[in-house]
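Below is one structure; the comments refer to it alone.
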Amino acid sequence: MKVLLLTGLGALFFSYYWDDNFDPAGLQGARVLLTGASAGIGEELAYLYARLGAHLVLTAHTEALLQKVVGNCRKLGAPKVFFIAADMASPEVPERVVRFALDKLGGLDYLVLNHLGATPAGTRSRSVQATRWLLQVNFLSYVQLTSLALPSLTDSKGSLVVVSSLLGHVPTSFSSPYSAAKFALDGFFGSLRRELDVQDVNVAITMCVLGLRDRASTAEGVRGVTRAKAAPGPKAALAVIRGGATRAPGVFYPWRFHLLCLLRGWLPHPRAWFIRQELNVTAAEAA
């Protein structure tokens, strides 16, 4: 009975996820500010937007990697591509990034927040200093970028696309500061969506719940601690772009994460068992 129930729910969410009006041509000429664009899913997002003819401002921490991505985007046909190297751990940086994007593109249709600050999984990652750094990179900079870009997005009736994590919905072991930042994202943007709605502001917010990021730094941080596999970059990126373009409230990739988020409240004990299967507890405690 449980298997049939889960299969039925899975089929329901699968059909819902693909029942959209995604039109790739609608992204041609769209003005996009994309953070965390130098590697992993962010890099794949840049390439997909470039193929679809969007005008891009890309930002990430490492300038050399950004230059490589910019060159590839131009080869893929992006009409305009600009970049600005930026460290989101510095509170003054988000304003500089948004001003640069508005100056180069003349406005914004999409703000895609994808940058990520991660610390190695384990019990020693819970220091106050590490937590402050994670909150600045993974939460406060998102708030700053959103606040600064919102007037332009309001003018264009644009979209906010927030790339988050399952750990922002379902807490797990040995990731306390990181999970706290992701939960904060969900609370902030969920509340902001309600505020915009009651004020009749036509700006969509799409929250994307993804699995382990498909990038070397993320994999290294959890090596030996989790058994979970990274989400394939191109497929996850397409899911994010599709969700943002159709103004969907949420994207779950892989789709089964939607079920796990629902199980959080319904069936806490099976959820705990499932999470435990993904962890190498001995390795995490030793970290």
Quick one: in region 21-53, which of the residues that are of a type outside the set (A, V, I, L, M, F, W, C) and touching a strand residue (DSSP E or B) at 6+ places or on another chain (Cβ under 8 Å) is most open to solvent (accessible area, probe 1.4 Å)? 31
Of 276, 227, 194, which residue is among the charged types (D, E, K, R), modelled with pLDDT of 60 or more and open to solvent by 60 Å² or more (accessible area, probe 1.4 Å)? 194
Please give the helices (runs of 4 or more DSSP H) falling wholly within region 127-206 in which 3 or more residues are under 19 Å from residue 34 (Cα atoms) and touching a residue at least 60 places away in the same chain (Cβ under 8 Å). 141-156
Leading residue by the ranking (surrounded by the most Cβ atoms within 10 Å (Cβ to Cβ)) among those in region 157-175 that are over 14 Å from the mean Cα position of the chain (by Cα) and at pLDDT below 95: 175
Looking at region 68-89, can you tell me whether even one residue there is under 22 Å from residue 161 (Cβ atoms), among the acidic types (Asp, Glu) and in contact with a Gly (Cβ under 7 Å, 6 or more places away or on another chain)? no
Quick one: residue 134 ticks every box in (1) open to solvent by 60 Å² or more (accessible area, probe 1.4 Å); (2) at pLDDT below 95; (3) among the aliphatic types (A, V, I, L, M) bar one, so which box is it? (1)
Taking strands (runs of 3 or more DSSP E) that fall entirely within region 55-113, which contain at least 1 residues that are more than 27 Å from residue 251 (Cα to Cα)? 80-85
Exactly one of (1) touching a Ser or Thr at 6+ places or on another chain (Cβ under 7 Å); (2) buried (at least 16 other Cβ atoms within 10 Å of the Cβ); (3) not polar (S, T, N, Q) is unmet by residue 205. Its number? (1)
Scan (1) in contact with a Pro (Cβ under 9 Å, 6 or more places away or on another chain); (2) assigned to a helix (DSSP H, G or I); (3) at pLDDT below 85 for the single condition residue 119 breaks and write down its number. (2)
Flag if residue 154 is of a type in the set (Val, Ile, Thr), at pLDDT below 95 and either more than 18 Å from the chain's Cα centre (by Cα) or open to solvent by less than 40 Å² (accessible area, probe 1.4 Å) (or both): no
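The values are calculated or read from the model by the stated rules, or taken from the named source; none is laboratory data. Small disclaimer: the values here were computed from a predicted structure and weren't measured. All Cβ positions, even for glycine, are placed from backbone atoms using ideal geometry, and neighbour counts span all protein chains on display. Ligands, DNA and RNA are stripped out before the accessible areas are found, and what is left, the full protein with its side chains, is counted by its heavy atoms. Shrake-Rupley method; radii C 1.70, N 1.55, O 1.52, S 1.80 Å.
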